[in-house]
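J.: Sharing a structure, written as structure tokens. Questions coming.
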Amino acid sequence: MSKINAFEPRHDWTLAEVEALFDLPFMDLVHQAANVHRAWFDPSEIQLSQLLSVKTGGCAENCGYCSQSAHFKTGLKAEKLMEADDVVAKARAARDGGAQRFCMGAAWRELKDRDLPKLATMIAEVKALGMETCATLGMLTADQAKTLKAAGLDYYNHNLDTGPDYYKDVVTTRTYQERLDTLAHVRDAGMSTCCGGIVGMGETRRDRAGLLHQLATLPAHPDSLPINGLVPVSGTPLGDKVLAEGKAIDSIEFVRTIAVARLVCPKSMVRLSAGREGMSRELQALCFMAGANSIFVGGKLLTTPLPDMDEDSRLFQDLDLKPMGSVRAEFVAAAE
Ligand code: SAM
Ligand code: DTB
Ligand code: SF4
């Protein structure tokens, strides 16, 4: 069997097999994940994406980690959907700063048809800047997914967030099946899927394995697989619990989660997503070693902070990493 065949994606993973990967000796796990990573990707390349919250706060869902849910008092002010011109100006600045992909996020339970024309304009204009386009707007119908695709949307982000058993402890206003249905509409419309979850919400290793098992047994693996470390937001039930107990996820367990994601979804872009702000340079380096090859940059996620661009740029220089796609002079120059 050729090396590449041994690393071919599989869709028949069992939960027990995924749990067994988590249980591997750490050095073996990271070594295997690094080998798989190198079979499919140049390990010196990391994709840079930038996020913008185009509609902030006041969301009808009760996701227990989220600063933007109207169910919790987090001090965040709700805002209206931004104008397309303002979004495009932010996208242009992100592109000029080195981002290859621009992701527009809205704090909605589901997309309303009345907002579609403005979103379609926004997406088409961002795409015209030469960037990959991504959006995360809550649940979609099949027709809405088709309209977004026609407007030029490349990726749709919709996370499963956690394993099926722990899901009820995270959110009760939307079912796991509804999330799977939206993902099916995105795939059927011909868009790429961005789907992952959050670790550090008080879930067990079995729940983390449950999440990755779900992702690895989808009809198509997510093209992008974000692993978010919980950013504990005061006022949210899950954030408050972590803040009170002082129990963030163990960093070695976080790296294990990245490595298992790389092993079960070998060709996905595994994104070291939220939570990077609190991580050491060494921990981020371990995550890249374990197969993470995508990050968000630009100082801010949706509502919470990220490292500054010049800090990321220095990290890339010190680790001999380069942004995927064309190397942007500004990103490299920021380290100097
Ligand atoms: N409303 C849309 C939805 O939920 O699909 C889009 C926006 S939502 C903020 C996108 C994702 O961000 C969530 O699915 C969750 O995985 C992640 N997220 C939100 N708040 C987070 C936090 N405090 N820490 C880590 N990840 C978070
Ligand atoms: C994803 O999985 N993580 C990103 C993106 N998809 C949309 C969002 C992270 C949000 C973190 C909390 C915040 O900044 O509000
Ligand atoms: Fe709303 Fe998305 Fe936040 Fe859930 S994660 S409360 S759906 S913005």
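The values are calculated or read from the model by the stated rules, or taken from the named source; none is laboratory data. Everything quoted here is computed from the prediction, not taken from an experiment. Please note: Cβ atoms are built from the backbone with ideal geometry, for glycine as well, and neighbour counts cover all protein chains shown.
J.: For segment 30-59, give me each residue that is more than 16 Å from ligand 2 (Cβ to nearest atom) and out of contact with any Phe, Trp or Tyr (no Cβ under 8 Å at 6 or more places or on another chain).
T.: Correct list: Val30, His31, Gln32, Ala33, Ala34, His37, Arg38, Phe41, Asp42, Ser44, Glu45.
J.: Return the pairs, sorted by first residue and then second, in which the second residue is aromatic (Phe, Trp, Tyr) and part of a helix (DSSP H, G or I), the first residue lies in segment 255-268 and is under 15 Å from Gln214 (Cα atoms), the beta carbons are less than 6 Å apart, and the residues are 6+ apart or on different chains.
T.: Val260/Phe22; Pro266/Trp40
J.: Same structure, new question: Any residue that is surrounded by fewer than 21 Cβ atoms within 10 Å (Cβ to Cβ), farther than 17 Å from Gly229 by Cβ and at pLDDT below 95 - is there at least one of those in segment 248-263?
T.: So in segment 248-263, the residues surrounded by fewer than 21 Cβ atoms within 10 Å (Cβ to Cβ) come out as 248-253.
This time we only want the ones that are farther than 17 Å from Gly229 by Cβ, so: none.
No, segment 248-263 contains no residue that is surrounded by fewer than 21 Cβ atoms within 10 Å (Cβ to Cβ), farther than 17 Å from Gly229 by Cβ and at pLDDT below 95.
J.: Residues Gly97, Gly130, Gly138: which one is within 30 Å of Val199 (Cα to Cα) and either in contact with a strand residue (DSSP E or B) (Cβ under 6 Å, 6 or more places away or on another chain) or surrounded by fewer than 16 Cβ atoms within 10 Å (Cβ to Cβ) (or both)? Walk me through how you get there before you give the answer.
T.: On the way: Gly97 fails: either in contact with a strand residue (DSSP E or B) (Cβ under 6 Å, 6 or more places away or on another chain) or surrounded by fewer than 16 Cβ atoms within 10 Å (Cβ to Cβ) (or both); Gly130 fails: within 30 Å of Val199 (Cα to Cα).
The unique qualifying residue is Gly138.
Yes/no matrix, rows are residues, columns are (1) basic (Lys, Arg); (2) away from ligand 1 (no atom under 16 Å from the Cβ):
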| site | (1), (2) |
| --- | --- |
| Gln32 | no, yes |
| Arg38 | yes, yes |
| Pro43 | no, yes |
| Ser49 | no, no |
| Gly58 | no, no |
| Gly64 | no, no |
| Ser67 | no, no |
| Ala70 | no, no |
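J.: Considering (1) of a type in the set (Gly, Ala, Ser); (2) more than 12 Å from ligand 1 (Cβ to nearest atom); (3) at pLDDT 95 or above; (4) under 26 Å from Arg256 (Cα atoms), say which one Ala189 fails and leave the rest.
T.: Ala189 satisfies every listed condition except (4).
J.: Could you tell me whether Lys55 is among the charged types (D, E, K, R) and within 10 Å of ligand 3 (Cβ to nearest atom)?
T.: Yes, satisfied.
J.: Kindly indicate the residue of segment 169-190 that is of a type in the set (D, E, K, R) and assigned to a helix (DSSP H, G or I) and also farthest from Thr133 (Cα to Cα) among those meeting that condition. Don't jump to the end; show me each part of the working.
T.: Narrowing segment 169-190 to residues of a type in the set (D, E, K, R): 169, 174, 178-179, 181, 187-188.
Those still in the list that are assigned to a helix (DSSP H, G or I) too: 169, 178-179, 181, 187-188.
Values: Asp169: 32, Glu178: 24, Arg179: 21, Asp181: 21, Arg187: 15, Asp188: 18 Å.
Here the residue is Asp169.
One line per residue, one yes/no per condition, for (1) aromatic (Phe, Trp, Tyr); (2) buried (at least 17 other Cβ atoms within 10 Å of the Cβ); (3) within 14 Å of ligand 2 (Cβ to nearest atom):
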site: Tyr156; (1), (2), (3): yes, yes, yes
site: Asp161; (1), (2), (3): no, yes, yes
site: Gln177; (1), (2), (3): no, no, no
site: Cys195; (1), (2), (3): no, yes, yes
site: Gln214; (1), (2), (3): no, yes, no
site: Leu218; (1), (2), (3): no, yes, no
site: Pro226; (1), (2), (3): no, yes, yes
site: Gly229; (1), (2), (3): no, yes, yes
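J.: Within segment 292-312, count every residue that is buried (at least 18 other Cβ atoms within 10 Å of the Cβ) and assigned to a strand (DSSP E or B).
T.: Residues meeting the conditions: 3.
J.: Could you tell me whether Gly75 is within 16 Å of ligand 1 (Cβ to nearest atom), more than 22 Å from the chain's Cα centre (by Cα) and among the small types (Gly, Ala, Ser)?
T.: yes
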